[in-house]
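Undergrad: Quick one: the structure is below, and I'll ask about it shortly.
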Amino acid sequence: MTRQQVIVYAMNGKLRWLDAADILGISPRQMRRLKTTYERREFSALMDQRGKVPRRKRITTAMVQRVCELYETRYRGFNVKHFHEHLLEKHRLKLSYTTVKVILQDAGLVPKKRKKSPHRLRRERRPSFGMMLHMDGSRHRWLEDAPEWDLILAMDDATSKVVYGKFVPEENSLSCLEALEHILKHYGLFAEWYTDMGSHFCRVNDQGQGPASEQHGQLSRICQTLGIRQIFARSPQARGRSERAFGTVQDRLVNELRLHHIRSYEEANRYLQNHFIPDFNQRFCVPAAQQGSACLAVKGKDLRLLLSLQYPRIVKADNTVRFERFTLQIPPSKQRYSYAKCTVTVHRFTDRTLGVSYAGKLLVRFSEHGLPLNASTPTRSARRAA
């Protein structure tokens with residue numbers, strides 16, 4: 001422990017001045033002289049005075065104690081930058097970032113970090129918004145006394161703007177489809193999708209190898225239909241920019257949820273959409289090299305059917321198809337009287353409901369429990385399947 005840290009501990013009331021004298025190896029009389037000096041010159045006495053430059057601003061001992069008290073009682077776990085923003089905006093303590101960092105480090109509340117080596121291979125940002133989107137999920141216990149959930153985030157490469165964020169029980173194909181549906185409806189069709197090599201994003205032939213040359217998964221099918229190029233990162237370091245941005249989100253979000261006494265993931269999603277993401281974009285977005293957006297309107301595509309999990313089935317003689325534990329009854333239509341022996345597609349939509357389509361046309365929809373949406377009671381086939 002340095003001399004400066006011992007003095008800050010004594011100023012903050014965590015250490016008696018006589019104990020500080022024993023730690024520094026000086027006499028009580030000398031410690032009384034130091035105490036008088038610090039009380040008279042206050043926090044500026046901790047600074048190096050050999051430059052002979054008078055300090056125009058001096059930080060009082062009471063202010064040092066106030067900063068340490070706020071961090072310990074309300075903002076424990078915040079990083080220095082996040083804590084400094086709250087000091088300026090909510091508590092009106094006009095201290096520089098460096099001063100706050102020195103106070104917290106000398107008080108032992110924040111560890112000193114080694115300077116990281118520079119990233120030697122830099123990938124330039126895409127020039128326009130919508131040319132590339134990063135998507136990732138992070139599993140964590142975001143709320144106290146709550147189970148672990150996944151946070152799915154999507155960020156634009158050119159501007160670092162978060163375009164989607166939501167807490168879900170599990171990151172899978174359906175939750176990623178929900179994110180994709182939101183982005184296409186609110187922003188339009190983007191060009192490239194940068195993700196990790198999760199099993200719902202890509203198929204790998206051999207363990208430890210790269211993605212297979214041909215991809216036939218649910219998400220890959222949608223990307224091929226829409227003309228979105230998929231890019232798979234083989235390591236977290238390959239997506240350094242998005243990993244750093246997502247790390248900033250995760251570091252701030254846990255503390256913000258605790259600060260606002262949020263106890264359920266439903267409340268957390270509302271706070272994420274209405275407050276956190278707009279505030280994050282305002283603070284960290286950067287202007288794109290080129291103005292405008294590269295996103296295109298989606299035309300000639302039925303997004304309702306396209307953005308769903310699809311499973312081919314052959315219709316039985318009684319015009320039913322079996323899906324999971326349900327027997328789904330297909331009603332007659334003007335298109336054709338019977339669908340027996342036809343190959344239809346069973347859809348699971350992003351709202352968890354089911355549907356059956358033939359030749360690109362939706363025939364009937366069911367609830368997630370296999371009940372027709374226009375019926376209040378189960379059909380005979382659904383009751384028999386249950």
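The values are calculated or read from the model by the stated rules, or taken from the named source; none is laboratory data. A quick note: this is a predicted structure, and the numbers were derived from the prediction, not measured. Quick reminder, even Gly has a Cβ in these numbers, built from the backbone with ideal geometry, and neighbours come from all protein chains shown. Heavy atoms of the whole protein, side chains included, go into the accessibility calculation; ligands, DNA and RNA do not. Shrake-Rupley method; radii C 1.70, N 1.55, O 1.52, S 1.80 Å.
Undergrad: Suppose the filter is farther than 30 Å from residue 305 by Cα and β-branched (Val, Ile, Thr); does residue 228 pass it?
TA: No, not satisfied.
Undergrad: Which of the residues spanning the stretch 338-366 are modelled with pLDDT of 90 or more, small (Gly, Ala, Ser) and surrounded by fewer than 16 Cβ atoms within 10 Å (Cβ to Cβ)?
TA: Matches in the stretch 338-366: 340 only.
Undergrad: For the stretch 73-110, which residues satisfy the criterion of being in a helix (DSSP H, G or I) and farther than 23 Å from residue 248 by Cβ?
TA: Answer for the stretch 73-110, where residues must be in a helix (DSSP H, G or I) and farther than 23 Å from residue 248 by Cβ: 73, 106.
Undergrad: Based on what the data block shows, is residue 304 free of Cβ contacts under 8 Å to residues at least 60 places away in the same chain and either surrounded by fewer than 17 Cβ atoms within 10 Å (Cβ to Cβ) or in a helix (DSSP H, G or I) (or both)?
TA: Yes.
Undergrad: Another question about this same structure. For the stretch 220-245, give me each residue that is in contact with a Lys or Arg (Cβ under 9 Å, 6 or more places away or on another chain) and either in a loop (DSSP other than H, G, I, E, B) or acidic (Asp, Glu) (or both).
TA: Correct list: 233 only.
Undergrad: From the residues in the stretch 82-102 that are among the basic types (Lys, Arg) and more than 22 Å from residue 4 (Cβ to Cβ), which one is least open to solvent (accessible area, probe 1.4 Å)?
TA: Per the criteria, the residue is 90.
Undergrad: Are any residues in the stretch 169-206 β-branched (Val, Ile, Thr), under 17 Å from the mean Cα position of the chain (by Cα) and open to solvent by 10 Å² or more (accessible area, probe 1.4 Å), and if so, which ones?
TA: Hits for the stretch 169-206: nothing passes.
Undergrad: Pick from 134, 140: which is touching a helix residue (DSSP H, G or I) at 6+ places or on another chain (Cβ under 9 Å), within 25 Å of residue 199 (Cα to Cα) and modelled with pLDDT under 90?
TA: 140
Undergrad: Considering only residues that are modelled with pLDDT of 85 or more and over 20 Å from residue 78 (Cα atoms), look in the stretch 103-130 and name the one that is most open to solvent (accessible area, probe 1.4 Å).
TA: Out of the qualifying residues, it is 125.
Yes/no matrix, rows are residues, columns are (1) open to solvent by less than 20 Å² (accessible area, probe 1.4 Å); (2) outside any helix (DSSP H, G or I); (3) at negative phi:
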| position | (1), (2), (3) |
| --- | --- |
| 247 | no, no, yes |
| 253 | yes, no, yes |
| 261 | no, yes, no |
| 269 | no, no, yes |
| 275 | no, no, yes |
| 287 | no, yes, yes |
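Undergrad: Can you tell me which residues in the stretch 131-157 are crowded, with 22+ Cβ neighbours inside 10 Å, touching a Ser or Thr at 6+ places or on another chain (Cβ under 9 Å) and not in a strand (DSSP E or B)?
TA: Across the stretch 131-157, the qualifying residue is only 157.
Undergrad: Okay, next question. Could you list, in sequence order, the residues of the stretch 322-352 that are of a type outside the set (D, E, K, R) and in a strand (DSSP E or B)?
TA: Listed by number, the residues that qualify are 323, 326, 327, 328, 329, 343, 344, 345, 346, 347.
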